[in-house]
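Notes for the one structure printed next.
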Amino acid sequence: MAAMKLIRIMDYNDPHTLQPTVPEREFARVRRAARAVVSDDDGRVYLMHARNHGYYKLPGGGINEGESNEAALDREIHEEMGAWVEITGEVGQTIQYDEVKDFRQDSYCYRARLVGELGRPELTDSEAEAGFEVVRFRDFDAAIAAISATQDKPPYAFMTVRDTALLEVARQAG
């Protein structure tokens, strides 16, 4: 499998500063995640809104041991949105790291088209507690504006910086 284009490297503790490289060391915890910029045939873009925490994020989540990126994305989209998608391309990869917590996360982002209607999500307890809900935006600009408005809200700043960058790359790709 070819490597995905690297979009951004960021330090969790300073997500707004572009990092040129990841520290050259092994991290105690490494998490892989699959995310998607989901849109429909009318060009509307779908985000997850954590209503109780006041931030937006791209749908997606952790990749289980032995699971492909694509299978994880399909599972995560179904769990969070209650929907199915067709992967239509790659957006790129982001790397976030935290030297203090000895943690690294590699996120692999795809473009995906909504297939059918939204259904009933199967949220985890933490997602339900956060008040996760699917929000549909008229276009990329509206989705980017919503997610960017929360990018200074700790501790979610890294997430909104990451997802804003991914949305902007997807918008430019058309």
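The values are calculated or read from the model by the stated rules, or taken from the named source; none is laboratory data. Keep in mind the model is a prediction, meaning the values are calculated, not measured. Note that each Cβ is placed from the backbone with ideal geometry, even for glycine, and that neighbours are counted across all protein chains shown.
Results for (1) in contact (Cβ under 8 Å) with a residue 60 or more places away in the chain; (2) within 18 Å of residue 155 (Cα to Cα), shown as yes or no for each residue.
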{"position": "22", "(1), (2)": "yes, no"}
{"position": "29", "(1), (2)": "yes, no"}
{"position": "61", "(1), (2)": "no, yes"}
{"position": "80", "(1), (2)": "no, no"}
Can you tell me how many residues in the range 42-81 are modelled with pLDDT of 95 or more, touching a Gly at 6+ places or on another chain (Cβ under 9 Å) and assigned to a loop (DSSP other than H, G, I, E, B)?
-> 0
Do we have residue 86 as part of a strand (DSSP E or B) and of a type in the set (Asp, Glu) here?
-> yes
Of (1) under 22 Å from residue 170 (Cβ atoms); (2) surrounded by 13 or more Cβ atoms within 10 Å (Cβ to Cβ), residue 13 fails just (1)
Counting only residues that are free of Cβ contacts under 8 Å to residues at least 60 places away in the same chain and either part of a loop (DSSP other than H, G, I, E, B) or of a type outside the set (A, V, I, L, M, F, W, C) (or both), how many does the range 92-117 have?
-> 2
Considering (1) surrounded by 13 or more Cβ atoms within 10 Å (Cβ to Cβ); (2) in contact (Cβ under 8 Å) with a residue 40 or more places away in the chain; (3) of a type in the set (D, E, K, R), say which one residue 171 fails and leave the rest.
-> (2)
If you take the residues in the range 120-149 that are free of Cβ contacts under 8 Å to residues at least 40 places away in the same chain and not charged (D, E, K, R), which one is surrounded by the fewest Cβ atoms within 10 Å (Cβ to Cβ)?
-> 126
Scan the range 82-103 for residues that are within 22 Å of residue 158 (Cβ to Cβ) and under 16 Å from the mean Cα position of the chain (by Cα) and jot them down.
-> 90, 91, 92, 93, 94, 95, 96, 97
